[in-house]
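K.L.:
Quick one: the structure is below, and I'll ask about it shortly.
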Amino acid sequence: MSAILNAATDSIVMAELDTTCVIINPAGAARLDRGVDEVVGQRLCELLAPEVALRRKAVVDQVIRTKQPIQFEDEEKQNIWFEHSIYPVLDEQSSVTRIAVVSRDISQHKQTE
């Protein structure tokens with residue numbers, strides 16, 4: 001599992017419902033300008049720009065409420081675009097216990113549109 005996380009160029013994150021990071025791959029930590037050890041245990045929403053954190057929290061809340069994954073595009077900085085997929089992680093009773101996030105930089109694709 002760690003080989004996959006380390007090899008991926010997409011950001012991969014597992015977080016608690018309050019966005020506390022449980023697992024993050026090196027690509028995800030680098031995107032936050034931090035090391036993996038600096039991010040694990042931190043609330044992801046506190047590591048993002050306030051306006052980005054508000055948008056992201058609304059999507060996370062919707063994933064938790066509906067128990068359905070959501071995919072969306074978001075401009076995090078000027079001309080820096082990401083495609084995010086946020087998934088609910090369910091327990092045996094179908095309760096959402098965590099969220100999983102995969103994010104891909106699509107800036108180059110957006111520039112050619």
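The values are calculated or read from the model by the stated rules, or taken from the named source; none is laboratory data. On a predicted model such as this, the values are computed, not experimentally measured, just so you know. When we count neighbours, we look across all protein chains shown, and the Cβ atoms used for this are built from the backbone with ideal geometry, even at glycine.
K.L.:
Yes or no: the range 75-87 includes at least one residue that is exposed (fewer than 13 other Cβ atoms within 10 Å of the Cβ) and either of a type in the set (K, R) or within 12 Å of the chain's Cα centre (by Cα) (or both).
P.N.:
Within the range 75-87 (the criterion being exposed (fewer than 13 other Cβ atoms within 10 Å of the Cβ) and either of a type in the set (K, R) or within 12 Å of the chain's Cα centre (by Cα) (or both)), the answer is yes, since at least one residue qualifies.
K.L.:
Same structure again: For the range 1-39, give me each residue that is outside any helix (DSSP H, G or I) and either at pLDDT below 95 or over 13 Å from the mean Cα position of the chain (by Cα) (or both).
P.N.:
Hits for the range 1-39 are M1, A8, T9, L32, D33, R34, G35.
K.L.:
Please enumerate the residues belonging to the range 74-113 that are hydroxyl-bearing (S, T, Y), touching a residue at least 24 places away in the same chain (Cβ under 8 Å) and within 24 Å of I64 (Cα to Cα).
P.N.:
Y87, S94, T97, S103
K.L.:
From the list L32, L44, L5, which residue is surrounded by 12 or more Cβ atoms within 10 Å (Cβ to Cβ) and touching a residue at least 24 places away in the same chain (Cβ under 8 Å)?
P.N.:
L44
K.L.:
Is the range 50-66 home to any residue that is assigned to a strand (DSSP E or B), surrounded by fewer than 16 Cβ atoms within 10 Å (Cβ to Cβ) and not polar (S, T, N, Q)?
P.N.:
no
K.L.:
Quick one: is K67 modelled with pLDDT under 95 and of a type in the set (K, R)?
P.N.:
no
K.L.:
If I filter the range 88-113 down to residues being surrounded by fewer than 12 Cβ atoms within 10 Å (Cβ to Cβ), among the polar types (S, T, N, Q) and at pLDDT below 95, which single residue comes out as farthest from L17 (Cα to Cα)?
P.N.:
Among those residues, the one meeting the criterion is T112.
K.L.:
Pull up the range 76-113, narrow it to residues that are in contact with a strand residue (DSSP E or B) (Cβ under 7 Å, 6 or more places away or on another chain) and among the basic types (K, R), then point me to the one that is farthest from A58 (Cα to Cα).
P.N.:
Among those that are in contact with a strand residue (DSSP E or B) (Cβ under 7 Å, 6 or more places away or on another chain) and among the basic types (K, R), it is K110.
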